[in-house]
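Presented below is the structure to which this report refers.
Just so it is clear, none of the values below were taken in a lab; they were calculated from the coordinates. None of these values were measured; they are calculated from a predicted model. With ideal geometry, Cβ positions are generated from the backbone for all residues, glycine too; neighbour counts draw on all protein chains shown.
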Amino acid sequence: MTRGWLVGLHLIGVVLWMGGLMSFSRILGYHSKELPSARPRLTFIEGRLNWLVSVPGAVLTIVFGVWLAWQHGAQWFRVAAWLHYKLVLVVGVVIIHVLLTVKHAQIRRAHPSAPMSRGLYAALHGTIGLLLIAIVLLATTQPMSQQ
């Protein structure tokens, strides 16, 4: 597969993953404000958003990102310091995604009238946005690269 296709599929994955995660975290935060009667519907929407948008986006992003790095070779990977920082940030996004998925499973099992706090989801939503900005800037400017 050509580099252009790999980059394109990697970016499609990023858009799906980040868009899905941003929406997923935002809707999770709405649970605390909604009436208990609306919570099962929100839980259903969150599950669909996570498993049909965010998870496939994460898989596309990671598979095609690894494929791109593999195409560049080990020598390039060793000297691409910007990529090492980017990968640390991507691991942070993966950790947040797993945390949100676990929290969603807990909400799904809880009684609809169980109390919820909005703060965690608001903080994770903002953190995802900041990580996305940092990842995009690292990928586009590639600072610390030896050219």
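May I ask you to sort L9, L137 by Cβ crowding, counting other Cβ atoms within 10 Å and putting the fewest first?
With the sparsest Cβ surroundings first, the list reads L137, L9.
Based on DSSP H runs of at least 4 residues, each adding -39500 (n - 2.57), what is the mean residue ellipticity at 222 nm of the chain after dividing by all its residues, to the nearest 500 deg cm²/dmol?
-27000 deg cm²/dmol
Kindly provide the pair-distance distribution of the chain built from C-alpha pairs, with 5 Å bins from 0 and whole-percent values in order of increasing distance.
Spelled out bin by bin, the chain gives 2, 9, 18, 20, 16, 11, 9, 7, 4, 3, 1, 0 percent.
Over the stretch 3-141, what is the relative contact order in percent, taking alpha-carbon pairs closer than 8 angstrom and at least six residues apart?
Contact order relative to length: 40 percent.
Using a Debye calculation, one point per C-alpha and no hydration shell, please list log10 I(q)/I(0) for the stretch 1-61 at q = 0.19, 0.24 Å⁻¹ in order.
Ignoring solvent entirely, the Cα scatterers give -0.67, -0.87.
How large is the dipole of the chain about the Cα centre if only Lys and Arg carry +1 and Asp and Glu carry -1, each at its Cβ, rounded to the nearest 20 debye?
Dipole about the Cα centre, nearest 20: 300 debye.
Relative to the first principal axis of the alpha-carbon coordinates of the chain, what is the inclination of helix 119-141, with its axis defined by its Cα atoms, in degrees from 0 to 90 and to the nearest 10?
Computed tilt is about 10 degrees.
When a footprinting reagent is the concern and you count Cβ atoms within 10 Å, what order do H72, H31 take, fewest first?
Ordered by Cβ neighbours within 10 Å, fewest first: H72, H31.
Would you work out if the stretch 91-132 is rounded, prolate or oblate? Take a ≥ b ≥ c from the square roots of the eigenvalues of the alpha-carbon gyration tensor; rounded if a/c is under 1.5, else prolate when a/b is larger than b/c, oblate otherwise.
Because a/c hits 1.5 or more and a/b fails to exceed b/c, the stretch 91-132 counts as oblate.
With θ taken as phi - 60° and the coefficients 6.51, -1.76 and 1.60, list the Karplus ³J(HN,Hα) couplings across the stretch 59-70 in order, rounded to whole Hz; mark glycine and proline as x.
Values per residue, Gly and Pro as x: 4, 4, 4, 5, 4, 6, x, 5, 4, 4, 5, 4 Hz.
Most exposed first by the Cβ proxy, i.e. fewest other Cβ within 10 Å, how do K33, K103 rank?
Ranked by crowding around the Cβ, least crowded first: K33, K103.
Helix 39-49 versus the longest principal axis of the chain: what is the Cα-based angle in degrees, 0 to 90, to the nearest 10?
Approximately 20 degrees, to the nearest ten.
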